[in-house]
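Just below is one structure, and these are the notes that go with it.
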Amino acid sequence: GSYQVTVKNTAGCVSAVTNSVVNAQPQTPAAPTVNVTQPTCTNANGKITITAPLGESLTYSIDGTNYQQAATFTAASGSYQVTVKNTAGCVSAATNAVVNPQPQTPAAPTVNIIQPTCANANGTITITAPLGESLTYSIDGTNYQQAATFTAIGGSYQVTVKNTAGCVSAATNAVVNPQPQTPAAPTVNIIQPTC
């Protein structure tokens, strides 16, 4: 408010008035609303974006010490206390933002190949590692299945493993040979016994 400040001595004399204005308390920003983009198979860092409050007079921090005008931060995995500060130096309550660790990409698969036989035109490709209920397998990079065994005709196959985060392993090349060719029925010439 506005105050009229005066001074009085023991004789009762009062000074002229000095007007003094005390400003209203600066408003503390609301605790921020944040959006967290988690790390991906190909990007180890996540992203923390403050979506509210926003404004040119506000700065933002994820460590309570370093503030910036941009409302987006690149962040490694961990827990962050996100705060907003206004020009009066008032700091909001903190909002906790958690960036998960980068999803682990499966190792390139180890495969066992059973080649076609004379009696069976198809071979078999079996993934022996890595194995797990959260993994799916492919021999063409497009179609994935939970079973680790594939029936395959002769050819070259790129075997990959995918986890629930969508991370795909490096490919292991698996070559299934063509079916061995069965010889044709023999042609025979018989010379019969003579006298």
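With respect to the numbered conditions (1) open to solvent by 50 Å² or more (accessible area, probe 1.4 Å); (2) touching a Cys at 6+ places or on another chain (Cβ under 8 Å); (3) not acidic (Asp, Glu), which one is the sole condition not fulfilled by residue 44?
(2)
Which residue, of 25, 4, is touching a residue at least 12 places away in the same chain (Cβ under 8 Å), farther than 30 Å from residue 169 by Cα and open to solvent by 60 Å² or more (accessible area, probe 1.4 Å)? Can you show your working first?
Details: 25 fails: touching a residue at least 12 places away in the same chain (Cβ under 8 Å).
Answer to the check: 4.
Return the residues of region 7-22 that are open to solvent by 90 Å² or more (accessible area, probe 1.4 Å), hydrophobic (A, V, I, L, M, F, W, C) and in a loop (DSSP other than H, G, I, E, B); say none if nothing qualifies.
Correct list: 7 only.
Pairs under 6 Å by beta carbon, first residue of a type in the set (Gly, Ala, Ser) in region 88-100, partner open to solvent by 50 Å² or more (accessible area, probe 1.4 Å) and not in a loop (DSSP other than H, G, I, E, B), six or more apart or different chains?
94/81
Residue-by-condition table, conditions (1) touching a residue at least 40 places away in the same chain (Cβ under 8 Å); (2) farther than 21 Å from residue 40 by Cα; (3) in contact with a Leu (Cβ under 9 Å, 6 or more places away or on another chain):
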{"site": "110", "(1), (2), (3)": "yes, yes, no"}
{"site": "119", "(1), (2), (3)": "no, yes, no"}
{"site": "136", "(1), (2), (3)": "no, no, no"}
{"site": "153", "(1), (2), (3)": "no, yes, no"}
{"site": "184", "(1), (2), (3)": "no, yes, no"}
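Tell me which residues, restricted to region 168-182, are exposed (fewer than 15 other Cβ atoms within 10 Å of the Cβ) and either touching a Leu at 6+ places or on another chain (Cβ under 9 Å) or assigned to a strand (DSSP E or B) (or both).
First, pick out the residues of region 168-182 that are exposed (fewer than 15 other Cβ atoms within 10 Å of the Cβ): 170, 173, 175, 177-178, 180-182.
173, 175, listed by residue number.
Out of region 56-71, which residues are surrounded by 12 or more Cβ atoms within 10 Å (Cβ to Cβ) and either touching a Pro at 6+ places or on another chain (Cβ under 9 Å) or part of a strand (DSSP E or B) (or both)?
Passing the criteria: 58, 59, 60, 61, 71.
Being over 30 Å from residue 107 (Cα atoms), surrounded by 15 or more Cβ atoms within 10 Å (Cβ to Cβ), of a type outside the set (D, E, K, R) and under 22 Å from the mean Cα position of the chain (by Cα) narrows it down to one residue among 49, 37, 33; which is it? Step through it out loud before you land on a result.
Numbers: 37 fails: over 30 Å from residue 107 (Cα atoms); 33 fails: surrounded by 15 or more Cβ atoms within 10 Å (Cβ to Cβ).
Only one candidate qualifies: 49.
List the strands (runs of 3 or more DSSP E) inside region 72-154, counting only whole elements, that have at least 2 residues being open to solvent by 60 Å² or more (accessible area, probe 1.4 Å) and basic (Lys, Arg).
Numbers: elements: 72-75, 78-85, 95-99, 110-114, 123-129, 136-138, 149-152.
Ranges flagged: none.
Going by what's in this entry, would residue 165 be described as part of a loop (DSSP other than H, G, I, E, B), within 30 Å of residue 52 (Cβ to Cβ) and touching a residue at least 12 places away in the same chain (Cβ under 8 Å)?
Working: part of a loop (DSSP other than H, G, I, E, B): yes; within 30 Å of residue 52 (Cβ to Cβ): yes; touching a residue at least 12 places away in the same chain (Cβ under 8 Å): yes.
Judged against the criteria, residue 165 is a match.
The values are calculated or read from the model by the stated rules, or taken from the named source; none is laboratory data. Small disclaimer: the values here were computed from a predicted structure and weren't measured. In this analysis, Cβ positions are derived from the backbone assuming ideal geometry, glycine residues included, and neighbour counts consider all displayed protein chains. All accessible areas refer to the heavy atoms of the entire protein, side chains included, with ligands and DNA or RNA removed. Shrake-Rupley method; radii C 1.70, N 1.55, O 1.52, S 1.80 Å.
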